[in-house]
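Novice: I am attaching a structure below and will ask some questions about it afterwards.
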Amino acid sequence: MKHNSYGQRRSASLGETILRFLLLAVSIALILSGFLPLLSKAFADAPDLVQVKLDASQIQPRPLEQLTGQAIAKTYSNAWKNMETALAENRPDLIDESFVGYAHDKLAAQVKAQQARGLSTRYLDHGHQVDATFYSPEGSAVQLQDTVRLEIQLLDGGKVIASQNVTRKYIAIVTVVEDSWKVRVLDSVPGF
Amino acid sequence: MRSRFFIVVILTCFLGAGTLFAAELRLPNKAVAGEGIAIATSGSGDATLYISGPGTAIKRQIKLGDQVQIKGEELRNSGYYLVALKGSDGDNNKELYVAPAAAEKINFLARPSRVPVGQPKVIAGTAFVFDQYENLLIDPTSVTFDLSVPGAPAKVERLTTKDGVAYLQTGSGTKAGPGQFVVSIGNNSVRRVVEETASEPCNLRFKVHKEKEGLIAETDPVRDCSGNPLPDGTIVTFVSTEPGKGRSTVDARIKKGVARAVLPAIPGATISVASGVVLGNEVRWGGGE
């Protein structure tokens, strides 16, 4: 009889141990599932996609067709992604894909100057609220007004020297180049 | 417990003192692209000054307490710059806005390059205004659009830019010719040519006479409703409908203002003329008009 109750107690404690291990494993899995995306974001060189919300309801003098709007939003998002990666990794080759004209020249100059001094700039991009305000009558240029939340880090030799959390306003002009859209002007401004 | 409290107090004082004595940066209230600025610093010892912004990345060793001169050529691009100081006394960073310089350059989009006369809202011009360093001027700037065709009064419109852009949408005039579409700010201007061509023919008429090679059909000088001659090379089609034999069609190009074609001389044939969407008169050969 004694032997039997000892056996029952032993099997109960084994069950409890397994249950505890299961709970612990589930907790670890939950913690990891929560942290891994954060860690991957924190250590990522550049975001996979820059969030751009485009509103063209107030555009003038001609309306922006839906497909054109989608193409411009995608172009602008890619341009920011390329700019952020180019400035973070000092890669001028990424600028050609999305930029042309003045914006291209300024970015290329910045990357070159950073390379020469061992500096880099990291943007932590929290998303863009973009209003398309002007679509040229002949359909070859669109002006965008962008309000973006950024954390800008200046790095010297890979070490963060300064960091700023800012809400910035940019005016962009996107133009047709051959068969696609490219950013021709991207200037930060105090207001619209 | 009490010792922990003292440690926290000491750390707070230490950090506070660090902040108090951290090297200070004093930036100018106003900076303009292409103009040099002076950045004042406080403190003592060596430090590194960083300036990062559009088209620029500057790193300079400085002595704290000195005033640092940044040349105009190093700040040619308008926009926001991050100015950071890293020294033995501590770190500091600020934001500097550099405004565009005066308006000087214009990017001008004009369409189309060729347009018929007398059409409403067919000519469009868009002007983007920049300073000499290619910074978009966001302050309202006066822009003049001037569209003129030789021998006709010019259309002049003065507009003000909004966020660096001004545009004009206008109709073509009544006189054909090489239109000069000019946009200007101050003494700087950019010119595009918009060729205004004659519109559709108006009152298209032709006559026939017989020659050795056949029936010669020849139009009067072909003009549009404003009196502009249609350009040489414009196609005019002559159609001869022959009783019981079907139709013969001849396309002729306008040369020196008139179109001319040779048709078979079949008595009773009805000959008509057309150009584009315009039909002209009809002539019956052998039976009169």
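Novice: Quick one: order B:240, A:163, B:78 by neighbouring beta-carbon count within 10 Å, fewest to most.
Specialist: Ranked by crowding around the Cβ, least crowded first: A:163, B:240, B:78.
Novice: What size of dipole, in debye to the nearest 20, comes out for the protein assembly as shown about its Cα centre when the only charges are +1 on Lys and Arg C-beta atoms and -1 on Asp and Glu C-beta atoms?
Specialist: For this selection, approximately 1000 debye.
Novice: Continuing with this model, one more query. Quick one: putting +1 on the C-beta of Lys and Arg, -1 on the C-beta of Asp and Glu, what dipole do you get for chain B around its Cα centre, in Debye to the nearest 20?
Specialist: Its charge dipole is roughly 340 debye.
Novice: Magnitude of the Cβ-charge dipole of segment A:55-192, K/R +1 and D/E -1, about the Cα centre, nearest 20 debye?
Specialist: Charge dipole of segment A:55-192: 420 debye, to the nearest 20.
Novice: Rounded to the nearest 500 deg cm²/dmol, what is the calculated helix-only ellipticity per residue at 222 nm for the protein assembly as shown, with -39500 (n - 2.57) per DSSP H run of length n ≥ 4?
Specialist: That calculation yields -7500 deg cm²/dmol at 222 nm.
Novice: Go through B:67, B:281, B:258 and say which Cα lies farthest out towards the positive end of the charge dipole of chain B; charges sit on Cβ, +1 for Lys and Arg, -1 for Asp and Glu.
Specialist: B:281
Novice: Shifting gears a bit: Got a sec? How would B:73, B:196, B:218 order by Cβ neighbour count within 10 Å, fewest to most?
Specialist: Least crowded to most crowded, the residues run B:73, B:218, B:196.
Novice: By how many degrees, 0 to 90 and rounded to 10, does the Cα axis of helix B:2-20 deviate from the longest principal axis of chain B?
Specialist: For helix B:2-20, the angle is close to 60 degrees.
Novice: Top mean-square fluctuation among B:118, B:34, B:276, Gaussian network model of chain B, C-alpha springs under 10 Å?
Specialist: B:276
Novice: In whole Å, what are the Cα extents of the protein assembly as shown along the three principal axes, biggest one first?
Specialist: 132, 85, 35
Novice: Can you give the mean number of other chain Cβ atoms that lie within 10 Å of the Cβ atoms in peptide B:225-237?
Specialist: 0
Read the figures in this text as sums done on the coordinates, not as results from a lab. Note that this is a predicted model, so its numbers are computed, not measured. Reconstructed Cβ throughout: ideal geometry from the backbone, glycine too, with neighbour counts over all protein chains shown.
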